[in-house]
């Protein structure tokens, strides 16, 4: 059964239905057929049109080569792209028709980097033999590619593959690579596409997305990674976000980012999965900016809007208990506070793509007569990821300048946590059990003293005991 034409509801006239842009002078249009008609020189050509089809989508088209395809003579059928130009950097997907194996391939393009996701049967694309190609993509990113040639009894399933790295659809079209003796002889007809359109999402505001984990000192054969967390009730498109180091930045790929979801960016996903337990669908391979191992900045922006930024410092953020911090990530203790700790050893020193090992739930500060209190009443700073920090909660009537310090039962100052710091009316300060001299304090009872100032006069002083355990 030959399937090169289908119901008229799917057939579009190229001139009437499409507003092509690109290298128009290199093509000829005749009814619903488009052909390459370029000068006899080794070159390339493209045409594109606006298209937002991306979800539960079906694309169909017929192709014919008057010659044998090769690595110098082939077609890229762009199903969707975030750029109108199909020659330069873009993010999207295309069907490669012909090429070295004379087959059909589904490819993903990120910038100028191309990944072949799946390939069909070799020598499927033949000289002077029309081939019908149908592509479907469901809402979960499952792609199915079918074909039919003259000798087929029925339409053949070439392959099925899952990939939903990109979802921002703005354009579609054709890119043709050709040699000087093949500047004519390409034909495409019966193009159609249908499905649900891509929808723009709201832009994230400050701290609706937070930087949640950073690895700046990877193992010798590993790579840096940055994990982000959607700390809002909204869904965003990552393509609206840039990730930087304060000097350079990269745009994140087009992908939906759901409320409560984690995403991890690293140059080599295979390397990350070799060293750590990972959540596969959270990992996105991307050449991220370089991060200095000891200290530096990680910055998220949406256009000119700062979404989140972190200045990390190995001396103050890593646990003094660790003699070697190579391969150990910095973890945010809670998405809603700026407190960081070393990832725990029992999880392999990093948690890319899932809840941090040092995560601490933050209880809402409700109406209370307390000014300052400590949870848990006994904390154990042994690096096991459980109760490693003393969470010191405070609640005031208004913003104030305060001192917060820890003393032992003999009244000796152990650790200054805040020195005349301007604090919000309520919040959390943490203590990791180490002194100002960076020594782990022994088991016992300690006292946190909270002093509030008006100019230079102490107007309030509170003391709360708690226990450092093992």
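The values are calculated or read from the model by the stated rules, or taken from the named source; none is laboratory data. Every value quoted in this text rests on a predicted model; they were computed, and no experiment measured them. Glycine also receives a Cβ, built like all others from the backbone with ideal geometry; neighbour counts cover every protein chain displayed.
Structure summary
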quantity: Residue ID - nearest to the chain's Cα centre (by Cα), chosen from residues in the range 213-246 that are assigned to a loop (DSSP other than H, G, I, E, B) and within 18 Å of residue 167 (Cβ to Cβ); calculated: 241
quantity: Some residue of the range 341-349 being more than 29 Å from the chain's Cα centre (by Cα), part of a loop (DSSP other than H, G, I, E, B) and surrounded by fewer than 19 Cβ atoms within 10 Å (Cβ to Cβ); calculated: no
quantity: Qualifying residue in the range 356-370 (condition: buried (at least 18 other Cβ atoms within 10 Å of the Cβ) and part of a strand (DSSP E or B)); calculated: no
quantity: Test for residue 133: is it without any contact (Cβ under 8 Å) to a residue 12 or more places away in the chain, closer than 24 Å to residue 84 by Cβ and assigned to a strand (DSSP E or B); calculated: no
quantity: The lone exception for residue 45 - which of (1) surrounded by 22 or more Cβ atoms within 10 Å (Cβ to Cβ); (2) under 24 Å from residue 134 (Cβ atoms); (3) at pLDDT 95 or above it fails; calculated: (2)
quantity: Failed condition for residue 385, given (1) loosely packed, with under 14 Cβ neighbours inside 10 Å; (2) at positive phi; calculated: (1)
quantity: Set 274, 261, 249: member being more than 16 Å from the chain's Cα centre (by Cα) and either surrounded by fewer than 19 Cβ atoms within 10 Å (Cβ to Cβ) or outside the structural domain of residue 218 (by TED's automatic domain parsing) (or both); calculated: 274
quantity: Checklist (1) out of contact with any strand residue (DSSP E or B) (no Cβ under 8 Å at 6 or more places or on another chain); (2) modelled with pLDDT of 90 or more applied to residue 424, failing item; calculated: (2)
quantity: Filter result for the condition that a residue is out of contact with any helix residue (DSSP H, G or I) (no Cβ under 8 Å at 6 or more places or on another chain), modelled with pLDDT of 95 or more and in a loop (DSSP other than H, G, I, E, B), over 177, 205, 123, 199; calculated: 205
quantity: Selection count, the range 440-461, where residues are in contact (Cβ under 8 Å) with a residue 60 or more places away in the chain and surrounded by fewer than 16 Cβ atoms within 10 Å (Cβ to Cβ); calculated: 2
quantity: Test result for residue 99, buried (at least 18 other Cβ atoms within 10 Å of the Cβ) and either modelled with pLDDT under 95 or in contact with a helix residue (DSSP H, G or I) (Cβ under 7 Å, 6 or more places away or on another chain) (or both); calculated: yes
quantity: Selection within the range 303-324 - exposed (fewer than 12 other Cβ atoms within 10 Å of the Cβ) and farther than 26 Å from residue 437 by Cα; calculated: 303, 304
quantity: Test: residue in the range 295-302 that is in the same structural domain as residue 225 (by TED's automatic domain parsing), crowded, with 17+ Cβ neighbours inside 10 Å and more than 17 Å from the chain's Cα centre (by Cα); calculated: yes
quantity: Residue match in the range 314-324 (condition: at negative phi, in contact with a helix residue (DSSP H, G or I) (Cβ under 8 Å, 6 or more places away or on another chain) and not in a strand (DSSP E or B)); calculated: no
quantity: Test: residue in the range 296-310 that is at pLDDT 95 or above, within 14 Å of residue 211 (Cα to Cα) and in contact with a helix residue (DSSP H, G or I) (Cβ under 7 Å, 6 or more places away or on another chain); calculated: yes
